Amino acid sequence: MSLAFDEYGRPFIILREQERKSRVKGIEAVKASIMAAKTVARTLRSSLGPKGMDKMLQSPDGDVTITNDGATILEMMEVENQIGKLMVELSKSQDHEIGDGTTGVVVLAGALLEHAESLLDMGMHPLRIAEGYEMACKVATENLDNIKTRFEFSREDIEPLVKTCMTTLSSKVVGRLKRPMAEICVKAVLAVADLERRDVNLDLIKVEGKVGGKMEDTRLVEGIVIDKEFSHPQMPKDLRDVKVAILTCPFEPPKPKTKHKVDIDTVEKFEALREAERTYFTDMVQRCKDSGAQLVICQWGFDDEANHLLMHQNLPAVRWVGGVEIELLAMATGARIVPRFQELTADKLGFAGSVKELGFGTTKDKMLVIEGCPNLKAVTIFVRGGNRMVLDEIKRSLHDAICVARNLVRDNAIVYGGGAAEISCALAVEEAADKVTGVEHYAMRAFSDALQAVPLALAENSGLPPIESLTAVKKRQLEESNPYLGIDCNDTGTNDMREQNVFETVIGKKQQLFLATQVCKMILKIDDVIKPSDFE
Amino acid sequence: MALSQQSGILQQGASEERGENARMASFVGAVAVADLVKSTLGPKGMDKILQSMGRGQEVTITNDGATILKSIYVDNPAAKVLVDISKVQDDEVGDGTTSVVVFAGELLREAELLVNQKVHPMTIIAGYREACDCARSVLELISFNNRSDPALFRADLLNIAKTTLSSKILTVDKEHFANLAVDAILRLKGSGNLEAIHIIKKTGGTLQESFLDEGFILDKKIGVGQPKRIEDARILVANTPMDTDKIKIYGARVRVDSMAKVADIEAAEKEKMREKVRKIIDHGINCFINRQLIYNLPEEMFADAGVMAIEHADFDGIERLALVLGGEIVSTFDNPDTVKLGHCKLIEEIMIGEDRLIHFSGVALGEACTIVLRGASTHILDEAERSLHDALCVLKETVSDARVVFGGGWPEIRMAKAVEELASRTPGKKALAMEAFARALRALPATICDNAGLDSAEIVANLKAAHGAEADSRMGVDVVRGEAGDMAELGIYESFRVRQQVLLSGTEAAEIILRVDDIIKCAPRKRG
């Protein structure tokens, strides 16, 4: 309870501390936070690296997800503790920025906090520790710049990129098919990449999935896939070089928005209306035909009669196409979105090289594949998998691989993985620490120790003796001053990561260090946790 | 587990299990599910009764693995993986749903022993993967292909169908049903479109009375007073309202001020319908099939014109009919010249049991056929349909990939032998996993023996010896005589695709479960 006294010596209460309100203060608060963060990090620790184990997550509805993707695990864990949520955010932001290394960043942050705890026990002030970490982080990132190398590839020579993606995919469910999958990812990225500006717009790569079939059936569509079928079962299923009309008006009797009614009181009017209705349908379809369209894509529904007329006029049509897809289609085919039949003219039509309806196995689902559009480079990766669980995991794996390829296109500076970069940074920080006097010296040493937690976890997960392998590599790095030596997770017999083709982008690695240090600093600065208890 | 709950990281009611505990939980769950379906494996497998929780407490009796697993409610996440795997097997190849679960269960059982001997799960997985690759190449090597010779191929298909059916309720009449299924599949001419095979179930009679019909049977009635039999039918398939055909435009409604005018409009409405019917009849048809209702007035007019009118064929039926009869689905009737009509040689009403059905024969598309199943009760019919479906799926797979292997545990014994040889050449702990893989493979024939009440250890040992003595032995489990027998002579064949899928899916499922070292269950959603 916080009490203060006013000038007359009467006590008054600043913060009412009810029975139900829980509050932790001072070092206790910091320690509680560290404890929470460590717990989250420990869950992820065993998922690090190519031999990392999976986690089985059961959602509130009883669905099962099996994954070793850090961001996904944390998201689905539904962490309730506030500090725990910070860690979740941490891995999410790494996911958004880089798309890879989501597990690594959490493990690193956990290790940093763990070491901070022992420093706190030595009586160091939390902020001094945070400052020391900042300094160490700076040294480490500078070291990354020193050891980075360039990774060469070009549009013609995609082999290096494919190899890199294969490394990413080898630890996932798709391991069996890593070669074709990696090729799909690289092709997708290069299709939308702007190599001059070194930019990749990931929005242009859509990853669509449909349950059923085999993983082998996954393929890259250079165009758009929409989950619709032709409106009439007897329309042609395969069109080539078609002009596309995109409509946002229904093939139905008009329904004016203003209130209206038409009264029929004589037989003549009845006949007249009947005639009007018939001509209205014929007219609608005729207009489409006259404009030269060979395929009609409509946002709304079709009346049965209109549908048959379209079929009869040999005009394939698709109905109930969603707004987003309509826009994407309009962009891709170069068609204008036409809101009224009257405004449909030949110059508002778009073009598509091929439109195909795909059927799937024994289930009767169908999808439309639109390829060969002139304007947009949009591509779709169409994933097949035995069940929803596998499908989602394939999608996540592909996402990771795509991100890796994208990062390399953006910035081809790399450092070597398998803990090699961490060990090298740890050595650099240790060296720098010796030149610093004061409390920060200890903090920097702690940072160096924490960095080594990553190779340690890697070795542990791969079933190697962790301390022996780590110290062996560290010694060799020191002796040979070779920053490419890391933990041999795949048991290939060499520690040189260049030969194993295991590397990460410099931006990704830097991001990991920055983010982990920042979160650490934030948690260390908390010295008072007040939270109202739950409602009864 | 204790840690995370104490510090309140997770929500109330959520739980986390780590490391050994998690692994134990998933092993237990998966093995329990495998044991559940284990007793249904093989020709002497037993059935399960499934009672639904819903109203009516419906009862299903089956020994189809996928059906059993689909119906039970499992809470264990690892068990759900196995349920999923069996569903995939069902979707992919349609048969082997039990085998795949039993195989995955055996792999996990063996893995559990290895984990207890301090072998890292990743090492086990690596061993399983290599063993699986080896087994697959052996399977490819020992399969054979008779596509080039139609007579032999048909015999293969028959044998496969018989093998599949022998473990089901149809086993008594397997000869009959195997012929049925093979005929139906061969009509498809390799297109593999199972949609064209229509199965109609009618209670009454015996299973033996089930038959394959070469035409198309529609479970609908012909309108009153219309011809019941039409030869050389010209058929219009339509989707159009034949009840009132109201005006849909401009939010129109009728508003009159005298009785006379109502009568006028009614007359006009009738006239409109008459005109529509006339237009339809002008197509020169003698059979009209509509997706929607046909009211009495048009029905009568059709009857007068001597046209058979069939109403309310559901959407599926209409599409299939249009496909089978070769006509288009029509909604407007203004240009009779351009409309494609459907044709068939004969339409007649037939009786099956007590129900009247419409039978189209001599249809344009030769692929379509209908299998009519007869049986004493709906349970039997349902199970018969499932069995037949399995058989059809397997045959379809075999038609597209003509490779065939022997059954009765023959491929498993061969694969186990090869995997064991590989294990003896492999250094390191991986070899242990490979040996375990071989043992799991042999568990399949052993289970078949156990279910038949035979001495599994004895028979499997004999098989092993037979295969060891002779490189291309054809010995497998002969359940009938209770000993090792020549599979080629007994005619026990299986589809290569099914066996391959069992091997791959089973290994994959075991791998997925083995890789898990942490189970996090979220708090169940509160139901209001």
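The values are calculated or read from the model by the stated rules, or taken from the named source; none is laboratory data. Keep in mind that what you see is a predicted model, and the values were worked out from it rather than measured. In this analysis, Cβ positions are derived from the backbone assuming ideal geometry, glycine residues included, and neighbour counts consider all displayed protein chains.
Take the range A:44-61 and flag every residue that is under 19 Å from A:E460 (Cα atoms) and within 7 Å of chain B (Cβ to nearest Cβ).
Here is the first cut: in the range A:44-61, the residues under 19 Å from A:E460 (Cα atoms) are A:44-55.
Residues satisfying the conditions are A:S46, A:K51, A:M53, A:D54, A:K55.
Since B:G94 meets every condition but one in (1) at pLDDT below 85; (2) in a helix (DSSP H, G or I), which condition does it not meet?
It fails just one condition, (2).
Regarding A:L309, is this residue part of a loop (DSSP other than H, G, I, E, B), touching a residue at least 12 places away in the same chain (Cβ under 8 Å) and closer than 21 Å to B:T240 by Cβ?
Working: part of a loop (DSSP other than H, G, I, E, B): no; touching a residue at least 12 places away in the same chain (Cβ under 8 Å): yes; closer than 21 Å to B:T240 by Cβ: yes.
No; evaluated as a whole, the condition is false for this residue.
Take the range B:54-71 and flag every residue that is over 18 Å from the mean Cα position of the chain (by Cα) and touching a residue at least 12 places away in the same chain (Cβ under 8 Å). Outline the logic, then answer.
To start, the set of residues in the range B:54-71 that are over 18 Å from the mean Cα position of the chain (by Cα) comprises B:54-59.
Within the range B:54-71, B:V59 is the sole residue that qualifies.
Could you check how many residues of the range A:389-421 are more than 21 Å from A:D95 (Cβ to Cβ) and among the charged types (D, E, K, R)?
0
Take the residues of the range A:385-397 that are farther than 17 Å from B:L82 by Cα and touching a strand residue (DSSP E or B) at 6+ places or on another chain (Cβ under 6 Å): which is nearest to the other protein chains (Cβ to nearest Cβ)?
A:I394
Would you tally the residues in the range A:68-82 being surrounded by 22 or more Cβ atoms within 10 Å (Cβ to Cβ) and among the β-branched types (V, I, T)?
Residues meeting the conditions: 2.
Limited to the range B:264-305, what total is found for residues that are part of a loop (DSSP other than H, G, I, E, B) and in contact with a His (Cβ under 8 Å, 6 or more places away or on another chain)? Steps first, answer last, please.
Taking the range B:264-305 first, the residues part of a loop (DSSP other than H, G, I, E, B) are B:282-286, B:291-293, B:295, B:305.
Among the residues that remain, those that are also in contact with a His (Cβ under 8 Å, 6 or more places away or on another chain) are: B:291-293.
Here the count works out to 3.
Give the number of residues within the range B:330-363 that are within 14 Å of another protein chain (Cβ to nearest Cβ) and under 29 Å from the mean Cα position of the chain (by Cα).
Within the range B:330-363, the subset within 14 Å of another protein chain (Cβ to nearest Cβ) is B:330-342.
Keeping just the survivors that are under 29 Å from the mean Cα position of the chain (by Cα) gives none.
Residues that pass the stated criteria total 0.
Got a sec? Which of B:E412, B:E397, B:E435, B:E421 is free of Cβ contacts under 8 Å to residues at least 24 places away in the same chain and buried (at least 19 other Cβ atoms within 10 Å of the Cβ)? So that I can check it myself, show each step before the final result.
On the way: B:E412 fails: free of Cβ contacts under 8 Å to residues at least 24 places away in the same chain; B:E397 fails: free of Cβ contacts under 8 Å to residues at least 24 places away in the same chain; B:E421 fails: buried (at least 19 other Cβ atoms within 10 Å of the Cβ).
After applying the criteria, what remains is B:E435.
Can you say whether B:D257 is at pLDDT below 80 and within 9 Å of chain A (Cβ to nearest Cβ), as far as the supplied structure shows?
It is true that B:D257 is at pLDDT below 80 and within 9 Å of chain A (Cβ to nearest Cβ).
I'd like to know if the range B:218-235 contains one or more residues that are modelled with pLDDT of 80 or more, in a helix (DSSP H, G or I), away from chain A (no Cβ under 14 Å) and in contact with a helix residue (DSSP H, G or I) (Cβ under 9 Å, 6 or more places away or on another chain). Show your work before the answer.
Going residue by residue through the range B:218-235, those that are modelled with pLDDT of 80 or more are B:229-235.
Narrowing further to those that are in a helix (DSSP H, G or I): none.
So far as the range B:218-235 goes, no, none of its residues is modelled with pLDDT of 80 or more, in a helix (DSSP H, G or I), away from chain A (no Cβ under 14 Å) and in contact with a helix residue (DSSP H, G or I) (Cβ under 9 Å, 6 or more places away or on another chain).
Yes/no per residue for (1) touching a Gly at 6+ places or on another chain (Cβ under 8 Å); (2) touching a residue at least 40 places away in the same chain (Cβ under 8 Å); (3) surrounded by fewer than 20 Cβ atoms within 10 Å (Cβ to Cβ):
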residue: A:K85; (1), (2), (3): no, no, yes
residue: A:L90; (1), (2), (3): no, yes, no
residue: A:S93; (1), (2), (3): no, yes, yes
residue: A:D100; (1), (2), (3): yes, yes, no
residue: A:T103; (1), (2), (3): yes, yes, no
residue: A:V106; (1), (2), (3): yes, yes, no
residue: A:S118; (1), (2), (3): no, yes, yes
residue: A:G123; (1), (2), (3): no, no, yes
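Can you name the residue in the range A:261-294 that is of a type in the set (D, E, K, R) and more than 7 Å from chain B (Cβ to nearest Cβ) and is also nearest to A:H312 (Cα to Cα) among such residues? Talk me through it step by step, then tell me what you get.
Going residue by residue through the range A:261-294, those that are of a type in the set (D, E, K, R) are A:261, A:263, A:265, A:268-269, A:271, A:274-275, A:277-278, A:283, A:287, A:289-290.
Cutting the leftovers down to more than 7 Å from chain B (Cβ to nearest Cβ) gives us A:268-269, A:275, A:278, A:283, A:287, A:289-290.
Numbers: A:E268: 30, A:K269: 29, A:E275: 20, A:R278: 15, A:D283: 14, A:R287: 14, A:K289: 11, A:D290: 14 Å.
Among them, the one singled out is A:K289.
Please go through the range A:489-505 and give me each residue that is surrounded by fewer than 17 Cβ atoms within 10 Å (Cβ to Cβ), part of a loop (DSSP other than H, G, I, E, B) and not polar (S, T, N, Q), ordered by number.
Within the range A:489-505, A:D491, A:G493 meet the criteria.
Taking into account only those residues within the range A:224-242 that are surrounded by fewer than 17 Cβ atoms within 10 Å (Cβ to Cβ) and part of a strand (DSSP E or B), which is modelled with the lowest pLDDT?
A:D238
Please enumerate the residues belonging to the range A:396-440 that are among the aliphatic types (A, V, I, L, M), out of contact with any Cys (no Cβ under 8 Å at 6 or more places or on another chain) and in a helix (DSSP H, G or I).
Kept after step one, since they are among the aliphatic types (A, V, I, L, M), are these residues of the range A:396-440: A:398, A:401-402, A:404-405, A:408-409, A:413-415, A:420-421, A:423, A:426-429, A:432-433, A:436, A:439.
Filter once more, keeping what is out of contact with any Cys (no Cβ under 8 Å at 6 or more places or on another chain): A:408-409, A:413-415, A:420-421, A:423, A:426-429, A:432-433, A:436, A:439.
If the condition is that a residue be among the aliphatic types (A, V, I, L, M), out of contact with any Cys (no Cβ under 8 Å at 6 or more places or on another chain) and in a helix (DSSP H, G or I), then A:L408, A:V409, A:A420, A:A421, A:I423, A:A426, A:L427, A:A428, A:V429, A:A432, A:A433, A:V439 are the ones that fit.
B:T171 passes all but one of (1) modelled with pLDDT under 75; (2) within 30 Å of B:L321 (Cα to Cα); which number fails?
Of the numbered conditions (1) modelled with pLDDT under 75; (2) within 30 Å of B:L321 (Cα to Cα), the odd one out for B:T171 is (2).
Have a look at B:L388, B:L373 and point out the one that is in contact (Cβ under 8 Å) with a residue 12 or more places away in the chain, closer than 30 Å to B:Y493 by Cβ and either within 14 Å of chain A (Cβ to nearest Cβ) or part of a helix (DSSP H, G or I) (or both).
Working: B:L373 fails: either within 14 Å of chain A (Cβ to nearest Cβ) or part of a helix (DSSP H, G or I) (or both).
Within the list B:L388, B:L373, the selection yields B:L388.
Among the residues of the range A:453-470, write down those that are more than 17 Å from A:L44 (Cβ to Cβ) and surrounded by fewer than 20 Cβ atoms within 10 Å (Cβ to Cβ).
Restricting attention to the range A:453-470, the residues satisfying the condition of being more than 17 Å from A:L44 (Cβ to Cβ) are A:463-465, A:467-470.
Within the range A:453-470, A:G463, A:L464, A:P465, A:I467, A:E468 meet the criteria.
Which numbered condition trips up B:V119, out of (1) within 10 Å of another protein chain (Cβ to nearest Cβ); (2) in contact with a helix residue (DSSP H, G or I) (Cβ under 7 Å, 6 or more places away or on another chain); (3) assigned to a helix (DSSP H, G or I)?
(3)
Quick check: is even one residue across the range A:62-74 away from chain B (no Cβ under 14 Å) and either under 30 Å from A:D491 (Cα atoms) or modelled with pLDDT of 80 or more (or both)?
Initially, the range A:62-74 is screened for residues away from chain B (no Cβ under 14 Å), giving A:71.
Those still in the list that are either under 30 Å from A:D491 (Cα atoms) or modelled with pLDDT of 80 or more (or both) too: A:71.
Among the residues of the range A:62-74, at least one is away from chain B (no Cβ under 14 Å) and either under 30 Å from A:D491 (Cα atoms) or modelled with pLDDT of 80 or more (or both), which makes the answer yes.
Within the range A:208-223, how many residues turn out to be buried (at least 17 other Cβ atoms within 10 Å of the Cβ) and under 17 Å from the mean Cα position of the chain (by Cα)?
The qualifying residues number 1.
Suppose the filter is under 21 Å from the mean Cα position of the chain (by Cα), touching a residue at least 12 places away in the same chain (Cβ under 8 Å) and surrounded by fewer than 17 Cβ atoms within 10 Å (Cβ to Cβ); does B:F211 pass it? Walk me through how you get there before you give the answer.
On the way: under 21 Å from the mean Cα position of the chain (by Cα): yes; touching a residue at least 12 places away in the same chain (Cβ under 8 Å): yes; surrounded by fewer than 17 Cβ atoms within 10 Å (Cβ to Cβ): yes.
It is true that B:F211 is under 21 Å from the mean Cα position of the chain (by Cα), touching a residue at least 12 places away in the same chain (Cβ under 8 Å) and surrounded by fewer than 17 Cβ atoms within 10 Å (Cβ to Cβ).
Hey, does the range A:325-347 have a residue that's surrounded by fewer than 24 Cβ atoms within 10 Å (Cβ to Cβ), within 12 Å of chain B (Cβ to nearest Cβ), in contact (Cβ under 8 Å) with a residue 40 or more places away in the chain and not in a strand (DSSP E or B)?
No, that holds for no residue.
Of everything in the range B:175-215, what is at pLDDT 80 or above and among the β-branched types (V, I, T)? Give them in sequence order.
Result: B:V182, B:I185, B:I199, B:I200, B:T203, B:T206.
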